[in-house]
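Taking it in order: structure first as structure tokens, then the write-up.
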Amino acid sequence: MTVPRSFPVFAIVFAVAYSVVYVISVWKNYALFTYHPATNEIAWGVEKPKEGVPAMYWYGWLATSGIVAGAVAFAACCLPQSLTRRLWSGWSWAVPVAVMVVFCYLLRGYFLR
């Protein structure tokens, strides 16, 4: 089985796009759906907690990030090879590390009281 020439491009762009879209989704609360574990309900979009039990947005953030990153990565695979050849593979780890630093900043209230 051979790997298509566009797979490295897809993997690098997916990793970068997923990381960036995930941090934006968490920061601005762009969840595709909301899960209410107490009532075992799933609702489209962002909903407030029901019956005093917290709602879970995490699954929605993952879905939002996966769909957007997949679309961006697929679009990058359609670019000519002359453009994608210059894509540095280190972006697939450098951007997620930078996103972790951004998360530390976003969650500083939980750690620094």
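The values are calculated or read from the model by the stated rules, or taken from the named source; none is laboratory data. A quick note: this is a predicted structure, and the numbers were derived from the prediction, not measured. FYI the Cβ positions are ideal-geometry reconstructions off the backbone, even for glycines, and counts take in every protein chain you see. Accessible surface areas use protein heavy atoms only, side chains included; no ligands, DNA or RNA. Shrake-Rupley method; radii C 1.70, N 1.55, O 1.52, S 1.80 Å.
Given VAL102, VAL53, which one is aliphatic (A, V, I, L, M) and within 18 Å of the chain's Cα centre (by Cα)?
The unique qualifying residue is VAL102.
Identify, please: which residue in the stretch 72-84 is assigned to a helix (DSSP H, G or I), aliphatic (A, V, I, L, M) and surrounded by 13 or more Cβ atoms within 10 Å (Cβ to Cβ) and is, among those, farthest from the chain's Cα centre (by Cα)?
ALA76
Evaluate the following for VAL9: is it at negative phi, buried (at least 20 other Cβ atoms within 10 Å of the Cβ) and in contact with a helix residue (DSSP H, G or I) (Cβ under 9 Å, 6 or more places away or on another chain)?
For VAL9, the condition - at negative phi, buried (at least 20 other Cβ atoms within 10 Å of the Cβ) and in contact with a helix residue (DSSP H, G or I) (Cβ under 9 Å, 6 or more places away or on another chain) - is met.
Mind checking which residues of the stretch 85-113 are open to solvent by 100 Å² or more (accessible area, probe 1.4 Å) and among the aromatic types (Phe, Trp, Tyr)?
Within the stretch 85-113, TRP88, TRP91, TRP93, TYR105, TYR110, PHE111 qualify.
Considering the stretch 37-66 alone, what residues qualify as being of a type outside the set (Ser, Thr, Tyr), open to solvent by less than 50 Å² (accessible area, probe 1.4 Å) and in a loop (DSSP other than H, G, I, E, B)?
Answer for the stretch 37-66, where residues must be of a type outside the set (Ser, Thr, Tyr), open to solvent by less than 50 Å² (accessible area, probe 1.4 Å) and in a loop (DSSP other than H, G, I, E, B): GLY45, ALA55.
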